[in-house]
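These notes concern the structure reproduced below.
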Amino acid sequence: MRRYPPIGDHGLIGDLRTAALISSEGVLDWFCAPRFDSPSLFASLLDHHRGGHFTVTEDAPGTVTRQLYLADTAVLVTRFMTEEGVGEVIDFMPLGEAEAPADRHRIVRIMRVTRGTVRFRIDCRPAFDYARAPHHLTLTPGTAHFAGPDLAVFLQVTDAVRLAGDGPGVRGEAVLDQGRTAAAVLTVCHDPASAPPEPLTEQEVRHAFSATYAYWHRWLRRSRYRGRWQQAVNRSAITLKLMTYAPTGAPVAAVTMGLPERIGGERNWDYRYTWVRDASLSVKALIDLGLEEEADAFRHWLGARVPGRDTVTGEPLQIMYRVDGDHRLDEQVLDHLEGYRGSAPVRLGNGAAEQLQLDIYGEAVFALTHAPDVAQIAGYDGWLNLSALLDWLAGSWDRPDEGIWETRGGRRDFTYSRLMCWAAFDRGIRLAHELARPADVPAWTAARDAIFRQIVERGYSSRRQAFVQYLDGDVLDASLLLMPILGFLSPKDRRWLSTLDAIEADLVSDSLVHRYDPRESPDGLRGDEGTFSLCTFFYVSALARAGRLPMARYAFDKMLTYANHVGLFAEEIGPTGEQLGNFPQAFTHLALITAALALDEELDRAEG
């Protein structure tokens, strides 16, 4: 077991309430329960010794490993190839007919041999509550019971596996010949007094596998995408589904916390929450794929946030929430954890929840109104809430804020924030006319026009020949790649094309895109960061819409080579192509889908 595998050296499994990361060595090194934002049960990814892990592996000298997904599913296969034999570990969390009751979660790990003989090793060492809480181990034939303060955890194995206690954990092994299988199933129960599950049978394991396999194929058939990048788009869609909390429809930004944007640096955030911005911008991509059920679920979740001011800021919306809508995300440091490869501090919660980011109102309006039949979905009450939000924004948009990148160096008049406020009024005005709804359209129109003039007159630098990060400044910012996509300017407007040229010159490196240059625009944090994968896909979309199709296609195809071995992306790409930041990153996968759709559309138009 490597001390810290690369961030990108993982596959993702989940049950639409929580998720786990499994390395290509078969080490489950990140898992929180019962929800994405719950305390960790396994977190060796953040502390090799204390964090806890669940390993099912074959570690003979010279073993070669490969990891893949079964096509169009979230069933992960890790293969171990030795001179004596070839074995596989098949990992998944049951869905479909095999889905566990809502008060428990299961991780199924099937061991199988396809050639020769393989010795599998099992090592399960949970560490409750971010490795802060002790637990009690009870071992009976075929079952290990880990009793924690808030959860009951059971590890069950089939007959071919023998378990033995090893301090606070258990070890075991299974020696299997060709054609034989064994299984280890971890069950996490919300009630710490839960009784052990029924004894595990191979028939039950086979049924769970078949039902989960069928679930993912059935779900993916709903996608309408038939474009040029089917495999990448399908994998991104499945990943986004895995990162959505089914009871509320709220997607998390990432399933991890504390993974660094720079190894050894301090930019280590907790991303296991729902950002209004990230999730809102997903709606159009989901609808374009035909996944309207997921888009509607998030709209209902977001709509429930709009009427009140139950936030720590006192504003109508907070920039992020827990998956159940709770607004409390107090940030603290887990200083007992060493951090990924020594990248400390490890932060729990997210203090950026208290920031003012005015762009979220444009993204929220976009999400709430981007539907085939807004009037039917939202109804009159929904319109009243939306119009009240825009009435408030009409008197509140012209303020400095922390901006899309959540800088901690003070507030500025960020151009992107103004752009999204413009988009909010533009969309609201159109809907008021289309639906013949009562609204203060004159005030909204005045605000929209004032924002437009302000951006063009003060958000554009004559010296840089580009729209810039903040008003009256000269710093470039990749977030403005969304400007033509939102319809603020034509993608072939001269000001926009010169902006695109400036971004290419200053922020693009071999098709990879930086958010901004922190040397020109200090963000209150030490160190630098990698290129932002989200921005790279925005760049592809902007190139495509500007008619620069050869460049767009080449940049997109190159970007796909930076995906990890199973098609997943973290937040950033480092100088030598490594994945950095929390993993996988939902926003990146949404931007991939958007870029693929834009490229397909423009290529079809050019070829037709």
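The values are calculated or read from the model by the stated rules, or taken from the named source; none is laboratory data. These numbers were taken from a predicted model, which means no experiment stands behind them. Counting neighbours? That spans all protein chains shown, and the Cβs are built from the backbone with ideal geometry, glycine included. To get the accessible areas, we keep the full protein, side chains included, count just its heavy atoms, and leave off ligands, DNA and RNA. Shrake-Rupley method; radii C 1.70, N 1.55, O 1.52, S 1.80 Å.
Within segment 483-499, residues that are within 21 Å of residue 366 (Cβ to Cβ) reach partners that are surrounded by fewer than 19 Cβ atoms within 10 Å (Cβ to Cβ) and not hydrophobic (A, V, I, L, M, F, W, C) with beta carbons closer than 9 Å, at six or more positions or on different chains, in the pairs 484/490; 484/492; 484/493; 489/495; 491/547; 496/490.
Considering every residue within segment 437-456, establish whether at least one is surrounded by fewer than 24 Cβ atoms within 10 Å (Cβ to Cβ), in contact with a strand residue (DSSP E or B) (Cβ under 8 Å, 6 or more places away or on another chain) and in contact (Cβ under 8 Å) with a residue 24 or more places away in the chain. Yes, some residue in segment 437-456 is surrounded by fewer than 24 Cβ atoms within 10 Å (Cβ to Cβ), in contact with a strand residue (DSSP E or B) (Cβ under 8 Å, 6 or more places away or on another chain) and in contact (Cβ under 8 Å) with a residue 24 or more places away in the chain.
Residue-wise test of (1) farther than 18 Å from residue 157 by Cα; (2) β-branched (Val, Ile, Thr); (3) surrounded by fewer than 23 Cβ atoms within 10 Å (Cβ to Cβ).
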| position | (1), (2), (3) |
| --- | --- |
| 108 | no, yes, no |
| 112 | no, no, yes |
| 117 | yes, yes, yes |
| 129 | yes, no, yes |
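Rundown of residues vs (1) among the basic types (Lys, Arg); (2) in contact with a Cys (Cβ under 7 Å, 6 or more places away or on another chain); (3) under 22 Å from residue 330 (Cβ atoms), yes/no style:
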{"position": "28", "(1), (2), (3)": "no, no, no"}
{"position": "31", "(1), (2), (3)": "no, no, no"}
{"position": "34", "(1), (2), (3)": "no, no, yes"}
{"position": "40", "(1), (2), (3)": "no, yes, yes"}
{"position": "43", "(1), (2), (3)": "no, no, yes"}
{"position": "50", "(1), (2), (3)": "yes, no, no"}
{"position": "70", "(1), (2), (3)": "no, no, no"}
{"position": "77", "(1), (2), (3)": "no, no, no"}
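Number of residues in segment 63-89 that are among the hydrophobic types (A, V, I, L, M, F, W, C) and within 22 Å of residue 2 (Cβ to Cβ) equals 8. From the list 95, 41, the lone residue that is under 24 Å from residue 274 (Cβ atoms) and touching a helix residue (DSSP H, G or I) at 6+ places or on another chain (Cβ under 6 Å) is 95.
Restricted to segment 238-260, and to residues there that are open to solvent by 10 Å² or more (accessible area, probe 1.4 Å) and of a type outside the set (A, V, I, L, M), the residue that is nearest to residue 355 (Cα to Cα) is 251. Scanning segment 509-525 for residues that are within 18 Å of residue 555 (Cβ to Cβ) and outside any strand (DSSP E or B) turns up 510, 511, 514, 515. Condition test on residue 204, is it open to solvent by 10 Å² or more (accessible area, probe 1.4 Å), within 34 Å of the chain's Cα centre (by Cα) and over 26 Å from residue 39 (Cα atoms)? So residue 204 fits the description; yes.
Entry remark, segment 370-415: residues being small (Gly, Ala, Ser), open to solvent by 30 Å² or more (accessible area, probe 1.4 Å), assigned to a loop (DSSP other than H, G, I, E, B) and modelled with pLDDT of 90 or more number 1 in total.
No other residue among 231, 156 is open to solvent by less than 40 Å² (accessible area, probe 1.4 Å) and within 33 Å of the chain's Cα centre (by Cα) apart from 156. Scanning segment 7-18 for residues that are part of a loop (DSSP other than H, G, I, E, B) and either in contact with an Asp or Glu (Cβ under 6 Å, 6 or more places away or on another chain) or at positive phi (or both) gives a single hit, 16.
Annotation: of all residues in segment 575-608 being part of a loop (DSSP other than H, G, I, E, B) and touching a residue at least 60 places away in the same chain (Cβ under 8 Å), the one that is surrounded by the most Cβ atoms within 10 Å (Cβ to Cβ) is 584. Of the listed requirements (1) hydrophobic (A, V, I, L, M, F, W, C); (2) part of a helix (DSSP H, G or I); (3) open to solvent by less than 10 Å² (accessible area, probe 1.4 Å), residue 476 misses just one: (2).
Here's the yes/no breakdown for (1) hydrophobic (A, V, I, L, M, F, W, C); (2) more than 17 Å from the chain's Cα centre (by Cα):
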{"residue": "505", "(1), (2)": "yes, yes"}
{"residue": "511", "(1), (2)": "no, yes"}
{"residue": "540", "(1), (2)": "yes, yes"}
{"residue": "553", "(1), (2)": "no, yes"}
{"residue": "573", "(1), (2)": "yes, no"}
{"residue": "578", "(1), (2)": "no, yes"}
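Taken over segment 341-350, the residue count meeting the criterion of being of a type outside the set (Lys, Arg), surrounded by fewer than 22 Cβ atoms within 10 Å (Cβ to Cβ) and within 19 Å of residue 39 (Cβ to Cβ) is 4. When you look at residue 506, is it open to solvent by 40 Å² or more (accessible area, probe 1.4 Å), in a helix (DSSP H, G or I) and either touching a His at 6+ places or on another chain (Cβ under 9 Å) or more than 25 Å from residue 366 (Cβ to Cβ) (or both), yes or no? It is true that residue 506 is open to solvent by 40 Å² or more (accessible area, probe 1.4 Å), in a helix (DSSP H, G or I) and either touching a His at 6+ places or on another chain (Cβ under 9 Å) or more than 25 Å from residue 366 (Cβ to Cβ) (or both). Listed conditions (1) modelled with pLDDT of 95 or more; (2) part of a helix (DSSP H, G or I); (3) surrounded by fewer than 23 Cβ atoms within 10 Å (Cβ to Cβ) are all met by residue 481, apart from (3). When restricted to residues that are of a type in the set (Asp, Glu) and either open to solvent by less than 50 Å² (accessible area, probe 1.4 Å) or at positive phi (or both), segment 318-332 contains 1. Entry remark, segment 144-153: residues being assigned to a loop (DSSP other than H, G, I, E, B) and open to solvent by less than 40 Å² (accessible area, probe 1.4 Å) number 2 in total. Across segment 242-279, what is the number of residues that are part of a loop (DSSP other than H, G, I, E, B), out of contact with any helix residue (DSSP H, G or I) (no Cβ under 7 Å at 6 or more places or on another chain) and farther than 18 Å from residue 367 by Cβ? Going through segment 242-279 one residue at a time, the tally reaches 13.
Here the condition is being of a type in the set (Lys, Arg), at pLDDT 95 or above, touching a strand residue (DSSP E or B) at 6+ places or on another chain (Cβ under 6 Å) and under 16 Å from residue 16 (Cα atoms); of 272, 322, it holds for 272 alone.
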